[in-house]
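Here, each number is a calculation from the coordinates, and none is a lab measurement. This one's a predicted model, so the numbers in the text were calculated from it and none came from an experiment. Don't worry about glycine lacking a Cβ; one is built from the backbone with ideal geometry, like all the others, and counts go over all protein chains shown.
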Amino acid sequence: MSNTLHFDALVIDGHCDTIGEQLSGKRWLGDRSSEGHIDLPRLREGGVDAQFFACYVPVPYQRHGAATHAMARLDQLHLLAERLPEQFVIARRADDIRQAKTVGKIAAIAGLEGAEALDGEIGLLRQYHRLGVRNLGLAWNFRNAACDGVSEQRSGGGLTEFGVAVVPECNRLGMTIDVSHLAPAGLEDVLALSEDPIIASHSNAYTLCDHPRNLTDDQMVAIASKGGLIGVTFVNSFLRREHPELTTIDDVLEHLEYMLAVVGEDHIAIGSDFDGCTPPTDMADTTVYPRITGLLQERGYGETTIRKILGGNFMRIFERVWK
């Protein structure tokens, strides 16, 4: 029963760092691997129709060469689409995701993880959009030209003047704004400035696990009140403070159910952070997705709610924001 619903539903994973594996030469994502968490064959096996791919800039490049490194990751995503056009497409509009599912392709949602990649230049934001980038994560963990990340939250800093310029430009271009990793003051600024709904692509509930990367109930309600969503993530240290190495899929469901109770079924999605995290012990890779659907069914959630969590809520955001 769960497999039927799962593979019929539109399934979207809100975050992974997998393209870095291809850039480093570890593996080609068109081939099934026993390493890492995501590749195209395993996405298909897991029934994942669209995957956010973050162009993350590692710490050594964040202060020198950030834009170059982000472009190198984006280039790898384009190479995958160019060399496997029958399997993979970079989505620029919501309809691209629907069409990809119809013909059996996997859709990529290209994103930046950290405004370091903009090098303080608003024109680069426009260039990334022209290249298919549709999601901007304003921060990783540290300070950049636009904002402070969660590791800098002691300063109480919100958006810089550059960051204040970035938000309306994202709205104008049609690019989702992602506040996972953003310091609390910056989140407040984005909520005040953005005319579009925003997302926290991979963050959990602070009430259940008091990690600084997680969101308080008030923060989740604020995001939801503007039409946004929060993606439950598989990062073991965001699921359980004590003995994160013992986390299981049940911990993921605990956060998911708690967050549903706080903000409702229209504002929850899933953002695994595969290939950028240590996941629960029984969630080896992206082929675990049908099991999530099955567990939601076993716990009494209806088809409409499950479809929203798996991808419907992301699609609502894309239809509203992307141009």
* **Counted charge near ILE19, where neighbours are those whose Cβ lies closer than 12 Å (Asp, Glu -1; Lys, Arg +1)** => -3
* **Most mobile listed residue (SER180, SER203, SER151) in the chain, GNM with C-alpha springs under 10 Å** => SER151
* Cβ-based charge dipole, the chain, positive-most Cα from LEU84, LEU159, LEU29 -> LEU84
* Asked: Length gain on complete extension for the stretch THR216 to ARG27, per 0.36 nm per residue less the alpha carbon to alpha carbon distance?
  -> 64.3 nm
* Structure fact -> Neighbours of ASP49 by Cβ distance under 10 Å: Lys/Arg at +1, Asp/Glu at -1, summed charge +3
* For the stretch 2-321, build the charge dipole from Cβ charges (+1 Lys, Arg; -1 Asp, Glu) around the Cα centre, then report which of THR305, THR102, THR278 sits farthest towards its positive end. => THR102
* Relative contact order (%) - criterion: Cα under 8 Å, at least six apart; region: the stretch 2-321 -> 20
* State the extension gain, in nm to one decimal, for the chain segment bounded by GLU298 and VAL59, taking 0.36 nm per residue of separation less the distance between their alpha-carbons. => 81.8 nm
* Reported label for calculated percent of Cα pairs over 35 Å apart given (i) 49; (ii) 11; (iii) 22 -> (ii)
* Beyond 29 Å between alpha-carbons counts as too far, so tell me which of LYS105/LYS226; LYS26/LYS105; LYS26/LYS308 fall in that bin. => LYS105/LYS226; LYS26/LYS308
* Asked: For the chain, what is the percent of antiparallel DSSP beta bridges, rounded to the nearest 5?
  -> 5
* Asked: Given the Cα-Cα distance of ARG320 and GLU242 and 0.36 nm per residue of separation, how much length would full extension add, in nm?
  -> 24.1 nm
* To do: Work out the length of the dipole vector of the chain about its Cα centre, built from +1 on the beta-carbon of each Lys and Arg and -1 on the beta-carbon of each Asp and Glu, and round it to the nearest 20 debye.
  => 820
